[in-house]
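First the structure, in the form of structure tokens, and then the observations on it.
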Amino acid sequence: MKLTRFPRVRITHAPTPLEFMPRMTEALGGPNLYIKRDDCTGLATGGNKTRKLEFLMADAVKHGADTIITQGATQSNHARQTVAIAARMGMKCEILLEDRTGSKVDSYKHSGNVFLDRMYGARMQEVPGGTDMNAAMSQLAEELRGKGQKPYIIPGGGSNPIGALGYVVCALELVDQFNTQGLDVGCVVHATGSAGTQAGLVAGFEGSRSDIPVLGIGVRAPRQVQETNVYNLAVKTAELLGVAGAVSRERVQANCDYVGDGYGIPTAGMVEAVTMMARLEGILLDPVYSGKGMAGLIDLCRKGHFRKGDNVVFLHTGGSTALFGYMDAFGGLTPL
Ligand SMILES: Cc1ncc(COP(=O)(O)O)c(C=O)c1O
């Protein structure tokens, strides 16, 4: 796999650390738990979109773009990171934020990622839940072209084969860290949404024949849909990389039992996971993705899904900025 073939904007503070979590490991009494700190990627409070944006923004430059258009939920981490990198590269950025949760809470509407979107200079519009976001982005692109701008559309979550290359890079980085640290890893667990993170990891691990299983913990779609989305994108990513056929369907595994009432709606498991990680490891997760991902990992450990002594890596995909939009889920300003 020759990643140097692809234009890339070098922005990630990589390699991100791979650390042991002694107190979570002890508290759960199961596998040895490690954490890959992609919350420390260095762009706009960090997170998984930084790696994808390295390739997507380079592609935008290649296409002569002067304006980036993207979309996400109101508290989108992807939108926040995209706005920041566009600012850094001197481009305009338009974001469409879908009211996916229906929350009327002031902090959800205006704090957390939304506050930072404004700080980084985004032009933003909120659209109702259920809007066809791809159509809305295409229409906006048409309008901007009419005004003489050169828009480039980045799909929600940065999840297309170009964006997924960022997680191929992460897979190779992990393999290097495992080998350097002498760590035989049984599974990499992370939150999966728009599918690009898991698709890139699977394409990277399988394309390099590293034999590292990945388990995505879903935050929105049911399992069959999520696995199909990840698989289709992993296949296309492998083709782009020149290793067509490397990904087989059974290597794509998702568990979507921890979504709760829906995307972005807090669950008791998420609140427990975020609080536990803060108090045992001093690490902040987020309420929408990594919090639910960790809730899944905690529950699977308690159910004996992993053997004692197995090495399991939780990929922290970032997002803690959104905590400020979700203070109510944690008792607001009243101490827990
Ligand atoms: C913090 C965080 N974790 C995980 C994900 C899920 O990653 P992906 O959309 O690549 O599946 C996202 C996506 O927005 C995210 O913001």
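Structure above, values below:
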read-out: Relative contact order (%) - region 171-317, alpha-carbon pairs under 8 angstrom, separation at least six; value: 29
read-out: Helix-only mean residue ellipticity at 222 nm for the chain, each DSSP H run of n ≥ 4 adding -39500 (n - 2.57), per residue, nearest 500; value: -13000 deg cm²/dmol
read-out: Net lengthening on full extension, Leu280/Arg302 (0.36 nm per residue, minus Cα-Cα); value: 6.2 nm
read-out: For region 60-154: rounded, prolate or oblate by the Cα gyration tensor [a/c cutoff 1.5]; value: oblate
read-out: Whole-number percent relative contact order across region 97-255, with pairs defined as alpha carbons under 8 Å at least 6 apart; value: 19
read-out: Cβ-based net charge around Ser138, under 11 Å, with every Lys or Arg adding one and every Asp or Glu removing one; value: -2
read-out: Distribution of pairwise C-alpha distances over the chain, 20 Å bins, in %; value: 33, 60, 7, 0
read-out: Mean separation of Cα contacts under 8 Å, 6 or more apart, over the residue count of region 239-336: relative contact order %; value: 25
read-out: Sequence-distant aspartates and glutamates (8 or more away, or on other chains) whose Cα lies within less than 14 Å of Lys104; value: Glu126, Asp328
read-out: Local electrostatic count, Glu227, Cβ distance below 14 Å [Lys/Arg +1, Asp/Glu -1]; value: +2
read-out: Burial ranking of peptide ranges 125-137, 29-41, 240-252 (average Cβ count within 10 Å, highest at the top); value: 29-41, 240-252, 125-137
read-out: Within the accessible area of region 4-68 (1.4 Å probe), percent carbon and sulfur; value: 51
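The values are calculated or read from the model by the stated rules, or taken from the named source; none is laboratory data. Predicted model only: the values in this text are computed from it and were never measured. So basically every Cβ, Gly included, is an ideal-geometry build from the backbone, and we count neighbours across all protein chains shown. Accessible surface areas use protein heavy atoms only, side chains included; no ligands, DNA or RNA. Shrake-Rupley method; radii C 1.70, N 1.55, O 1.52, S 1.80 Å.
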